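What follows is one structure encoded as structure tokens, with my remarks underneath.
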Amino acid sequence: GKLNSAQRYYWQVKVWDNKGRASKWSETAYFETGLLDKTEWKAKWIEMEGDTLRYSPSPHFRKEFQLGKTVASARVYVTSHGYYELHINGKKVGDQVLTPGWTSYGKRLQYQVYDVTPMLVKGANAVAAVLGDGWYRGTLAWGNNWAIYGKSLGLLMQLKIIYTDGTETLVVTDNTWKASNNGAIRMNDIYNGETYDATKKLTGWNLPGYSENGWKNVKTAEYPNNLIASEGSPIRKIQEIKPVKIFRTPKGKLIVDMGQNMVGWLRLKVTGTKGTVVTLRHAEVMDKFGEFYTTNLRAAKCQITYTLAGTGEETYEPRFTFMGFRFVEVTGFPGELTADNITGVVVHSDMAVTGSYESSSALLNQLQHNIQWGQKGNFVDVPTDCPQRDERLGWTGDAQAFCRTAAYNMDVSSFFTKWLKDVSADQKQGGEVPDVIPDVLNKQ
């Protein structure tokens, strides 16, 4: 039979052998369908008026709504131009990061689905989102390449609520939402990092009852509907590591050694006076003089700038960038920097480990360790050539050379299935496959 949209289907299997003996029924499993028909999208794309400049502050969007009855189930269907972080009643929705992932945006844009039933309450509710430049508008490839897919960040969200009495209601992005870019994220870019001013942090913007003074009306926009359900492995914070050493270089620079070349970002814990600026620069190696080495990063700044609110102990981690690094140069830190102030957050596509290798040779074991970390670092939604400099592109040759090793180490089935559909989408008329997928080197 035909499947319905937004429906959960349960299934079990049993098998018979060649002697006609039946097995027990398997455990019950389920899958849930997305929005199978484009006409079921009732939401409109919303954008912030004038949000078209490079390195603009992050736009925030919000909407309040009332629920008069008890909620039986609620699902959010959401995507964005750029990165999004979605909130309901003050809490982040889901545990994924760098959503909606990277596809050949002009042809395929993933949306995510979240079960938000426990997040809603009777009475006043608020849904809110903050956006980042991401792969959509941010710097990509070399030179002055930015806004490869578009100059305006946008949000598309549909919240379907089913009440216990069987009736339904939709909360969608439309022209009744409000927008502001007066928040703390002043700049964000995959290559260049994030500038965060905690003195400008919006408090309560994602909760009901917030004063929208100074917030602007959004504008709605029309785009072709090229939405697809998420096919890749979700990007998550996979593990945390602590620094192994904090030291000064011969020239007196303060350096944190994470002890492992990692991809993701740092969580910073800091206490100091309002307006104090802490700068973190990221690098993979130190040079032969024992100084911080960033030449291999080319034009990528890989820099976090955090301005303190001065409210006691503050904890910060970036949302809309990621770095490939082992060493971090810290400037302007108030007081003594200890390992307690720094945590490394390792971020990559969430793939189950399927294979391991160990031998009696310490050298071979180290090689396998490096291969595994190379995979973690380069499998951030697309298989990239490098995770640190101004590149991080889905080079097809690199993926071809590494795919069998990748499949030995981890379950890469959904990761590669999704990316290969972009290979197909970006393939040329004559059958040629571009150098990188998504193909950002040939504007389409």
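General observations
- Scanning region 10-48 for residues that are outside any loop (DSSP other than H, G, I, E, B) and of a type in the set (D, E, K, R), we see that the one that is surrounded by the fewest Cβ atoms within 10 Å (Cβ to Cβ) is K38.
- Within region 281-297, the set of residues being among the aromatic types (F, W, Y), surrounded by 14 or more Cβ atoms within 10 Å (Cβ to Cβ) and more than 9 Å from I255 (Cβ to Cβ) comprises just one member, Y293.
- Residue in region 324-344 that is among the small types (G, A, S), farther than 27 Å from A406 by Cβ and in contact with a Pro (Cβ under 6 Å, 6 or more places away or on another chain) present: yes
- When residues of region 302-344 are limited to those that are part of a strand (DSSP E or B) and in contact with a helix residue (DSSP H, G or I) (Cβ under 8 Å, 6 or more places away or on another chain), the one farthest from E240 (Cα to Cα): T307
- Within region 195-231, tally of residues that are assigned to a strand (DSSP E or B) and over 18 Å from the mean Cα position of the chain (by Cα): 6
- Scope region 395-434; condition open to solvent by 70 Å² or more (accessible area, probe 1.4 Å) and of a type in the set (F, W, Y); matching residues: Y408
- Filtered by the rule that a residue be more than 16 Å from H60 (Cα to Cα) and not small (G, A, S), region 73-97 gives R75, V76, Y77, D95, Q96, V97.
- Set side by side, the residues V263, V244 differ, and just one is hydrophobic (A, V, I, L, M, F, W, C), in contact with a Gly (Cβ under 6 Å, 6 or more places away or on another chain), open to solvent by 40 Å² or more (accessible area, probe 1.4 Å) and at pLDDT 95 or above, which is V244.
- Some residue of region 352-368 being within 26 Å of Q303 (Cβ to Cβ) and either part of a helix (DSSP H, G or I) or at pLDDT 95 or above (or both): no
- Flag for T249 being touching a strand residue (DSSP E or B) at 6+ places or on another chain (Cβ under 7 Å), over 30 Å from L156 (Cβ atoms) and open to solvent by less than 60 Å² (accessible area, probe 1.4 Å): yes
- Any hit, region 232-239, residues being in a strand (DSSP E or B), open to solvent by less than 20 Å² (accessible area, probe 1.4 Å), closer than 27 Å to G183 by Cβ and touching a residue at least 12 places away in the same chain (Cβ under 8 Å): yes
- Test: L227 is farther than 24 Å from V382 by Cβ, out of contact with any His (no Cβ under 6 Å at 6 or more places or on another chain), open to solvent by less than 60 Å² (accessible area, probe 1.4 Å) and modelled with pLDDT of 95 or more: no
- Filtered by the rule that a residue be among the hydroxyl-bearing types (S, T, Y) and either touching a Cys at 6+ places or on another chain (Cβ under 7 Å) or open to solvent by 50 Å² or more (accessible area, probe 1.4 Å) (or both), region 129-167 gives Y149, T164, T167.
- Screening the candidates L364, L337 for the property of being of a type in the set (A, V, I, L, M, F, W, C), open to solvent by 10 Å² or more (accessible area, probe 1.4 Å) and under 30 Å from G183 (Cβ atoms) yields one hit, L337.
- Lone qualifier among Y105, Y77 - being under 17 Å from G154 (Cβ atoms) and open to solvent by less than 10 Å² (accessible area, probe 1.4 Å): Y77
The values are calculated or read from the model by the stated rules, or taken from the named source; none is laboratory data. Small disclaimer: the values here were computed from a predicted structure and weren't measured. Here Cβ is always computed from backbone atoms with ideal geometry, including for glycine, and neighbour counts include all displayed protein chains. We work out accessible area using only protein heavy atoms, side chains counted, and drop any ligands, DNA or RNA first. Shrake-Rupley method; radii C 1.70, N 1.55, O 1.52, S 1.80 Å.
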